[in-house]
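Have a look at the structure below before the remarks.
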Amino acid sequence: MIIQHHLSNPAALQLAISSLSSCDLKVTALFCPFVIQLRPTSFESSPTQPGIVNQQLQSIIQHQHFFKLCSSQSADEVRGLLIDLLSRLFNLHPHSTCQITHIVPLIKVYRGTLSNCDLQIFSILQLFEKQRKLSVVPLLSSWSTTNNSASNSALEALQSLDPTTVFLTCTNFPRWRRIHDSTLVMTNTTDSKLYDPVFLLLLFNQMMAEPLPSSSIAWLELLRTNVVSLFLRSLSAKDGQIRELALCQTISLWRSLEVCLRAHV
């Protein structure tokens, strides 16, 4: 059967997700902005070809309303369904779907929180690293908390953080969080409003690999985000790898601040 709908139709997106395991799903752009064609077949006996899956991914991430729907706070239901659909498509043929052109658009709609949507995006980024043996951390330098804008460096990305949200992440630290999570957890409402400490640790690590701030004002703007407090809180995380990463970042920060202070004495 053929279902013609706009990308913002939650019911149609839900049908596409539920049909992935039992149908040969093809996404095309025909007369409507978003068209899904379902051809009922046995998924096990006739798996979707990698080329078709890539076409599906491109049809979604290149859609004219993709960024608008994934950035709007009022379209969280649609955003969740879209990210879920993308996650399933990425995992069908990771060796083919994990391409840099498919990853970059996801970073633009990634909010860096512990919501299920963002955890799924983070999982896709980890899948890319596993398949391509490349780190996506340098790409995160363009991440920003502001919609429709990109940062010029990891420092600028960190400076865009909301200090209140970072502080709430410290006081409500997610002890369940692991660096390498093969399965996603259903986060509660409180967790979905917090930043992902793993993401912020990796982003800070990228900042330390770039040219460091040369002025005390730039350092002050970074410290005002409360990100250093989050690193100190992460030293008591349940996951040993998070503790180790937080310790490395804390030591690196201390040494960099020493150099900065000496330069201004």
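Numbers below:
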item: Three-way shape label, the stretch 52-144, alpha-carbon gyration tensor, a/c 1.5; result: oblate
item: Residues S151, S215, S141, S256, sorted so that the one with the fewest Cβ neighbours within 10 Å comes first; result: S215, S256, S151, S141
item: Relative contact order for the stretch 91-185, counting Cα pairs under 8 Å that sit 6 or more residues apart, in percent; result: 24
item: Set of lysines with alpha-carbon distance to K193 below 25 Å, sequence-local pairs under 8 removed; result: K68, K108, K238
item: Cα gyration tensor shape for the stretch 222-265, rounded if a/c is under 1.5, else prolate or oblate; result: oblate
item: Eligible aspartates and glutamates near K130 by straight Cα distance, threshold 15 Å, same-chain separation 8 or greater; result: D181
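Read-outs throughout are calculated quantities, based only on the coordinates presented, and are distinct from any laboratory measurement. No experiment lies behind these values; they were computed from the predicted model shown. Reconstructed Cβ throughout: ideal geometry from the backbone, glycine too, with neighbour counts over all protein chains shown.
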